[in-house]
Amino acid sequence: MTASEMRRAKRHLETTRKMKDMLPRFFMRALERRFSNEPLAWCMVGVPPELLKAFDLLWEWPENFGTICASRLVAPDFIKAAEGDGYSPELCTYVTNTMGYCKLWKERGEPPEESPIPGGMGNPSMLLGSGFICEPRYKWFQAIATRYLDVPVYSSDPLAPPWDVDPHDPRIAGHYKALLREDLQGQVEFLERHTGKKLDLDLLREILALSHKALAYWRDTLYLRKAIPCPMGATDYFSAIIPQMYMVGEQEAVDFYREIYHEVKDRVERKIGIVEEEKYRLIWFGLPPWFNLGFFNYLESLGAVVAIESTYNVGDWFEVDLDDPLEAIVERTWRRAVKMHEYGTEVMPELCNPAVFGGFVGSRMLEEVVREYSLNGAIMHLTRSCRAVSFGEVHTRNRLAELGVPSLIFESDMADPRLWSDAQIKTRVHAFIETMAGRSPAGS
Amino acid sequence: MSELATVARAAELNAQKEAHVQELRRESGRPVIGYLCCFAPPEMIRVAGAIPYRITGRPGEPTSEADAYMEPYGCSYVRNIFAQALKGRLDFLDGLVISHSCDMVQRLYGIWTYYRPLPYSRLFNVPHQVTPQAERFFMRELLFFKESLEQFTGQEITKERLAEEIALSNRIRARIRELYRLRLEHPPLIRGSEMLELLLAGGWLPPEEFLKLLEDALEEIGKKRAAQGPQRPRVLVWGSLLDDVAFYRMIEEAGADVVADDNCIGFRVFEKDIPLSEDLVEALKDHYFINFQCPRTDRGPGRARFDYIIQRAQEYNVDGVIGYIISFCDPHKFDYPDLRDYLRESGFPMLLIDDNYSFAPAGAIQTRLQAFVELLKSGRALSS
Ligand code: SF4
Ligand code: SF4
């Protein structure tokens, strides 16, 4: 494999550049606590980080570890180790990355030194899964706990209504919310059992308040990207989501998102765009190729900026009554599910995420997004190993075509760079840019 | 072709099942509701006055029609089913019921009903784990399903009729278990491909006729066959959906007998009766959700969730296990390494065939099957 020239990504914002200091500081703090053998959970997106924080629990995200391994190009080593154990190359590469990591750990008796973060992922005392969005996400921890780590697992299982039932029907809402509530209660009981602590509802309420404050800044920042020229692009976007996973509920995160908001607002006021001469405004669908985030800079070099992303996109759903903080988590989960439903969930109905991440632009929402963000085209990353996020792109392309917006679907992976070829991708991007050049911008 | 006349009759009927069902529809004036997978009870569909029809694929047929609507990286069975719908082969369906058994079929539901809406359609949502809250959800889902069927057909699903229907389907289950027991013999009195041919008829024949077919098969075998012929290695087939006899035939041609199975259309659905308890909704929940062993449901970590397969392998005295997984089938791909290792610990070698629902290239698969059968032969020789 020849090294890709798109490996190194350039961030444009001062605030996201500062993350270079902020995150290691955070990780070091966690590492220190880990050495004192405090309980540690491996978690999945879908587990509310606020809840973990309320238990003062240490946690790690194997999915995020996957993105880090991907961006440092060590993921293939772990993935190959998992394949050697019989795990299919078709499985989600975040999963096989973790499986390979666990396998090498078990063989060597210590965390694999290939790990890109110091100390690697720590020895978990529990696994907190979530079946939100895909089935690999509950089979994954089931398999880890069967094969590599004999620790207790709680997988939450939030289901969402299919696209053709009415979530505003109180019976339907009651049906789904009962499951959400009882599931969350189960999660709380599990955490109480395995941390030996009782959930402090007052603390959870405070944490949620801080978390939602940070998220409100982040949401408002994203809305600022409707401006022409676009003040913020995808490299900053994909970097700036990380504090949501680790630091929500902390003042530091509120400060971070407030700062980013002001920086982006200032750029809007001064009309500073991501590219000198903004020619095309794009929407990005799918997971990013974490090993080649410089791809977005490459697009920018052609005058194309990504103004909105479908994944991890936070919404309006978190402005809920915090009086009963557990009910607040249920409510924000359900509200988002309903919102997504209104936006069209015919191909991705499982968006019932109790955590802070949003995501997915439904097909009925496209018209609004295309108009408000003045979009000229869509780029869709078809990730072979993550069908959960990429299955449905063909349908979205069909819907966009009805709006006169062209799409480029290209195939690769979020963590495994072996499926990437600079030359091929450049050829396709060039052809696509020509298609867009032949049309007038949607917003004008 | 099977030398059993009953199986030959089933094969003939199955080959024309679309035409037969359309005839049935015309004659009875009842709507046909297609379904995939077994979480939403077909018994309910019947009691509501509709004809349940288990949709099957056509392995190996090109699925390029699906390309305009779904990505190449999808379960090839799902693509195959949707291609059938696009080709107009399922136009006779008045309704469609798809369970959220796995991600792929759930998405098939959305795409199908978006591009090819039907007079009636329902996604039957199924939790991924067996927990008290999941059980309660499943029961509510059953009631919503019942209500939606009643609305569509205008026929009430009464407790009495449901009990009758369940009793009938339990009689079918009992006959199927009897047929399975004939495979405890060595050599088995009914081959795997023959058994599957019969079971496939159950996916669309009216239950009374299906029951008759099974009874005829039992009678015919009782008269004609005694344990004779070569004693060949015995295998259990585990894995993704197999709704075509071609793969079992390949195994049989390679020199082994399929005597047991653990996949969608097989013993899994028939090994237990639906209890005719006071609360039938609860009984259906127990049967179709709790007791229905499928890797799509998370029953917690550890080996307990594989033990029933090992027990079945022991009970049927198999020499080895052949896994069949359709590409991009996550639920099965996740379980394979653990299952393989537990089987090995218990003395059962396992061969995995990873296929795109085409059984092709046949030569390559045949060679692997033959090599595995040779291995099993030597193992049997050693142990006997
Ligand atoms: S959503 Fe995709 S990337 Fe995330 S765990 Fe599921 S398959 Fe993997
Ligand atoms: S074969 Fe696997 S992926 Fe395909 S429909 Fe069945 S369980 Fe789903």
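I need the calculated FRET efficiency for the pair A:Lys80 and A:Ser421, taking r as the beta carbon distance and R₀ as 25 Å, to the nearest 0.05.
0.80
When a footprinting reagent is the concern and you count Cβ atoms within 10 Å, what order do A:Ile260, B:Ile325 take, fewest first?
The most exposed by this proxy come first: B:Ile325, A:Ile260.
Given region A:14-199, what count of lysine pairs have C-alpha atoms under 25 Å apart, with each pair 8 or more places apart or on different chains?
Count of close lysine pairs: 12.
First measure r as the distance between the Cβ atoms of A:Arg171 and A:Lys271, then evaluate 1/(1 + (r/R0)^6) with R0 = 51 Å and state the FRET efficiency to the nearest 0.05.
That gives a FRET efficiency of 0.50.
Based on DSSP H runs of at least 4 residues, each adding -39500 (n - 2.57), what is the mean residue ellipticity at 222 nm of chain A after dividing by all its residues, to the nearest 500 deg cm²/dmol?
Estimated from H runs of four or more residues: -15500 deg cm²/dmol.
Can you compute the modelled spin-label distance between B:Ala362 and A:Asn123, with each label point 7 Å from Cα toward Cβ, in nm?
5.6
Which order do B:Leu198, B:Leu162, A:Leu224 fall in if you start with the one that has the fewest other Cβ atoms within 10 Å?
A:Leu224, B:Leu162, B:Leu198
Quick one: go through region A:389-419 and flag any residue whose amide nitrogen is under 17 Å from the point 7 Å out along the Cα-to-Cβ line of A:Arg439.
Those under the cut-off are A:393-410.
Which whole-number percent gives the relative contact order of chain A, counting Cα pairs below 8 Å spaced six or more residues apart?
So the answer I get is 20 percent.
How large is the Rg to Rh ratio of region A:217-366 when both quantities use alpha carbon positions and Rh follows Kirkwood?
0.98
Compute and list, largest first, the equivalent-ellipsoid semi-axes of region A:50-139 from the alpha carbon gyration tensor, each √(5λ) rounded to a whole angstrom.
21, 17, 12
If you average 1/r over all unlike Cα pairs in the protein assembly as shown and invert the result, what Kirkwood radius do you get in angstrom?
28.2
What spacing in nm lies between the two simple spin-label points modelled at B:Ala15 and A:Arg108, each 7 Å away from Cα in the Cβ direction?
With each label placed 7 Å out from Cα toward Cβ, I get 6.0 nm.
Given the Cα-Cα distance of B:Gln22 and B:Arg181 and 0.36 nm per residue of separation, how much length would full extension add, in nm?
Residue separation times 0.36 nm, minus the Cα-Cα distance, leaves 53.8 nm.
Tell me which lysines have Cα within less than 28 Å of B:Lys377's Cα, excluding those fewer than 8 residues away on the same chain?
B:Lys224, B:Lys333
Counting only other residues whose beta carbon sits under 12 Å from that of B:Asp103, what net charge do I get with K and R as +1, D and E as -1?
Local charge sum for B:Asp103: +2.
Using a 10 Å cut-off around each Cβ, can you sort A:His168, A:His395 from fewest to most neighbouring Cβ atoms?
Arranged by neighbour count, lowest to highest, A:His168, A:His395 become A:His168, A:His395.
For A:Lys279, go through the lysines and keep the ones whose alpha-carbon is under 22 Å away, minus same-chain ones fewer than eight residues off.
The qualifying lysines are A:Lys10, A:Lys226, A:Lys265, A:Lys271, A:Lys426.
Every number in this text was worked out from the coordinates using simple rules, so none of it is lab data. Quick caveat: nothing in here was measured; it's all calculated off a predicted structure. Here the Cβ is made from the backbone with ideal geometry for all residues, glycine too, and neighbour counts use every protein chain on show.
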